[in-house]
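J.: Handing you this structure, nothing more for now.
Every read-out reported here was derived from the displayed coordinates using simple, explicitly stated rules and does not represent laboratory data. On a predicted model such as this, the values are computed, not experimentally measured, just so you know. Ideal geometry is used to build each Cβ from the backbone, glycine not excepted, and the neighbour counts take in all protein chains shown.
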Amino acid sequence: AAAGLGQRCETAPGDFFESIPRGADAYLLQHVLHDWDDHDATRLLRRCAEAMSPGATLLIVETVMPERIDERHVRWLRRDLNMLVGPGGCERSEAQYAVLLRDSGLRLRRSTAALQHRLMEATHSDASSEVVPSHPTRCTS
């Protein structure tokens, strides 16, 4: 309240698979995408892209899996399995999030460590500056 966020932020109820309010400077998805398989995560990100003006930013906060999993990463395998049998989603690596964003008309602009999570910033795609791995994601229902 002291920072005046109440004057500058707005929350809105709705179904994010149907539409997202337009005109915001920033949109936040925190611990949302890992709940969904690739198809539904892409649908949700496309709704975000449709709502975003050219200068808007999509902020994504998620736990991000390492690119390579070995015996040191048993907890990641448990988390991923829990997401699969629970809501039907999956944990993803940063490269897998970049592919989802690309397939949704967005691009990963920056990714920053934030405690045990990553804060990923996405904007509208600009093919000239986009570098996305070619391997597909793997979370399907």
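J.: Given R₀ = 22 Å, FRET efficiency for GLN30-ARG8 by Cβ-Cβ distance, to 0.05?
T.: Between GLN30 and ARG8 the formula returns 0.80.
J.: Would you tally the net charge around ALA49, using a Cβ to Cβ cut-off of less than 12 Å, leaving ALA49 out, and scoring K and R as +1, D and E as -1?
T.: +4
J.: Could you calculate the FRET efficiency of GLN116 with ARG22 from 1/(1 + (r/R0)^6), where r is the beta carbon distance between them and R0 is 35 Å, rounded to 0.05?
T.: With a Förster radius of 35 Å, E is 0.60.
J.: I would also like to ask the following. When the Karplus curve 6.51 cos²θ - 1.76 cosθ + 1.60 is applied with θ = phi - 60°, which whole-Hz ³J(HN,Hα) does each residue of the stretch 51-62 get, with x for Gly and Pro?
T.: Result, ordered by residue: 7, 6, 6, x, x, 6, 10, 9, 9, 10, 10, 8 Hz.
J.: Report ³J(HN,Hα) in whole Hz for each residue of the stretch 7-19, in order, from the Karplus equation J = 6.51 cos²θ - 1.76 cosθ + 1.60 where θ = phi - 60°; Gly and Pro get x.
T.: For the stretch 7-19, the Karplus-derived couplings read 7, 10, 10, 9, 9, 9, x, x, 10, 5, 7, 8, 6 Hz, x marking Gly and Pro.
J.: A follow-up question, please. Under 5 Å between amide hydrogens, which residues at least 5 positions from MET65 or on another chain qualify, with H placed 1.01 Å from N in the peptide plane?
T.: Under 5 Å from the amide H of MET65 lie the amide H atoms of ARG92, SER93, GLU94, each far enough along the sequence or on another chain.
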